[in-house]
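Got a structure here, written out as structure tokens. Questions coming.
The values are calculated or read from the model by the stated rules, or taken from the named source; none is laboratory data. Everything numeric here is computed off the predicted structure, so don't read it as measured data. Counting neighbours? That spans all protein chains shown, and the Cβs are built from the backbone with ideal geometry, glycine included. We work out accessible area using only protein heavy atoms, side chains counted, and drop any ligands, DNA or RNA first. Shrake-Rupley method; radii C 1.70, N 1.55, O 1.52, S 1.80 Å.
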Amino acid sequence: MDQYTCTADQFKSAFCYGIKQLSLHRERINALNILPVPNGNTGNNLHKTLLSSLQEMKDEKHLGNLTQQCARGALFGASGSSGIILANFLIGFSEVIGDKEIAPLDELLRAVGNGCLKAKSTMGEAADGGIFEIGTAVCDGLSSKQPESQTLAELITLIHSTAGRALESMPPKNDAGALGIFYFIDGLYRYSAAKPLERCKPELCSPSITEDISIKGVLYSVEFLLTNVTLPVEEIKKSLSDIGNPILLAYE
């Protein structure tokens, strides 16, 4: 692994590791539910979304092209709320990478931060939950780092450890989406550290919805896939707020 830049080949290889590590834990992720109507498919949704991204990732020589393909694949193959959040993150990530063939680490850090902002800005009022807690923790953890003094492997290790601590602080509210994102990050870490894929902790149990989670007035999430967006996103969210909340928007 190149120490101070990120190439298209490294990005795709790490992405594949992330998908494989997530796949090893899909059933564990599916076992967690946070909504009053259990769906048991968050692990499947994240896995499908990531596979859709991978199928579109053709350009292994140009990072900018590859991340745009990745984001587009996630957008059109997004499954469930967690998949839409992930797609929006990847869209925000690719916006910063732009047309760069290789990204220096400071651009990589900005891309991660922009991805988190994009994911949260496209939700309605209820933009909370485990995925966003992990995203916020990672962004906060990276904000004070000087990329010129870090290697790519060290930065990925920092993201992994930060995400792990954020996840451990969540019980008993356990969030299936957050757990899925953690295992994807765990795969990125294992690629960067040349470690094998394996089933691993945290061993989290499914929470009691009635005892551990209080959800008032929220039964469903409302999801939209928009094309040719011309109105400001805030106006779109406001106009749809009477239908339900949270509202999840995905757009290019």
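State whether one or more residues within segment 72-91 are of a type outside the set (Val, Ile, Thr) and farther than 22 Å from Ser121 by Cβ.
no
I've got another one for you. Is it the case that segment 52-62 has a residue that's polar (S, T, N, Q), open to solvent by less than 20 Å² (accessible area, probe 1.4 Å), in a helix (DSSP H, G or I) and under 18 Å from Cys16 (Cα atoms)?
yes
Here's something else I'd like to know. Kindly state which helices (runs of 4 or more DSSP H) lie completely within segment 151-252 and contain at least 1 residues that are within 30 Å of Glu107 (Cα to Cα) and at pLDDT 60 or above.
152-168, 176-192, 233-240
Another one. So for segment 39-46 (the condition being open to solvent by less than 20 Å² (accessible area, probe 1.4 Å) and within 16 Å of Ala119 (Cα to Cα)), does at least one residue qualify?
yes
Continuing with the same structure: Can you tell me which condition Leu108 does not meet? The list is (1) part of a helix (DSSP H, G or I); (2) at pLDDT below 90, and all the others hold.
(2)
If you don't mind, another one. Report, ordered by the first and then the second residue, all pairs with beta carbons closer than 7 Å, sequence separation of six or more or different chains, a first member in segment 100-129 that is under 22 Å from Gly64 (Cβ atoms) and of a type in the set (Asp, Glu), and a second member that is at pLDDT 95 or above and in a helix (DSSP H, G or I).
Within 7 Å, the pairs are Glu101/Leu63; Glu101/Gly64; Glu107/Val96; Glu107/Ile97.
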